[in-house]
Amino acid sequence: MDAPDPLIYIVDPAPDTMQAIGHLLRAEGMTVCEFASSAAFLSAHDPQAAGCAVVDIGMPGLDGLTLERAVVFVSGDGDVGQGVRAMKAGAVDFLTKPCEAAELVGAVRRALERDARERAVRCELARIRARLDSLTRRERQVLRHVVAGRLNKQIASDLGIAEKTIKVHRARAMEKMGAGSLAQLVREMLELDAGAVFGDQYADLRSANESA
């Protein structure tokens, strides 16, 4: 089943601006939803849905939006201070009205790319966490020792159980985690602890999620 197209939320109190942005993005083949107030947007906004938002920076009640999704802020007065604060808050871009078409489309595409990347990472971390939760208490104990670089004999001594039992728990933990190697297992555990995916894995994650 194909995933739904990402949705671009446009939140702007000026009808002409809102409609112009919507028309431009629709012409680029994007799916758009328009809102003239913060309240209307917040009542319809689904943080779990793929997409991004183009928001007038003067809209009230949306200070924490960048924590939930990728945002492009636009402003009618070009206040440099506003732009700095927006970028520090995590905005993808800050544009001054009237926005150049190519500039706005480029910013929205970058926002969609960030959204896809962040969702792929969250999906991968959730996968690792779910597999870790499937381990028994003893398997998790052994796993933590393995990731720390301890040998089977050392783990057996630490936990007070037979080395052959450690080997069984280790094999089961590796199987449940879906790890093809110790290096992969260590990397995934470090990723889970850090809340991030390391290396150049984003393309692989995105392809896997899109084909799921």
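Each reported figure results from applying straightforward, stated rules to the coordinates on display, with no laboratory input. This structure is a prediction, so every number in the text was calculated from the model and none was measured. Neighbour counts run over all protein chains shown; Cβ positions are idealised from the backbone, glycine included.
Side notes on the structure shown:
- Taking every alpha-carbon pair under 8 Å whose residues sit at least 6 apart, the chain reaches a relative contact order of 16 percent.
- Sorted largest first, the principal axis extents computed over the alpha-carbon atoms of the range 123-211 equal 45, 21, 19 Å.
- Cβ-defined net charge surrounding Val32, 11 Å radius [Lys, Arg +1; Asp, Glu -1]: -2
- Mean Kyte hydropathy of -0.5 or more with a Cα span along the axis of at least 27 Å, helices from DSSP in the chain: 101-133
- Sparse-neighbourhood loop sites, GluC sites (Glu not before Pro) in the range 92-172 - DSSP loop, at most 13 other Cβ within 10 angstrom: Glu100
- Taking one quarter of the surface of the convex hull spanned by the alpha-carbon atoms of the range 7-116 gives a direction-averaged projected area of 5.9 nm².
- Report summary: the helix-based calculation at 222 nm, which adds -39500 (n - 2.57) for every DSSP H run with n ≥ 4 and divides by the residues of the chain, gives -18000 deg cm²/dmol.
- Set against the 2.2 N^0.38 Å expectation for a compact globular protein, the chain has a Cα radius of gyration ratio of 1.37.
- For the range 141-203 and the range 41-111, distance of Cα centres in Å: 41
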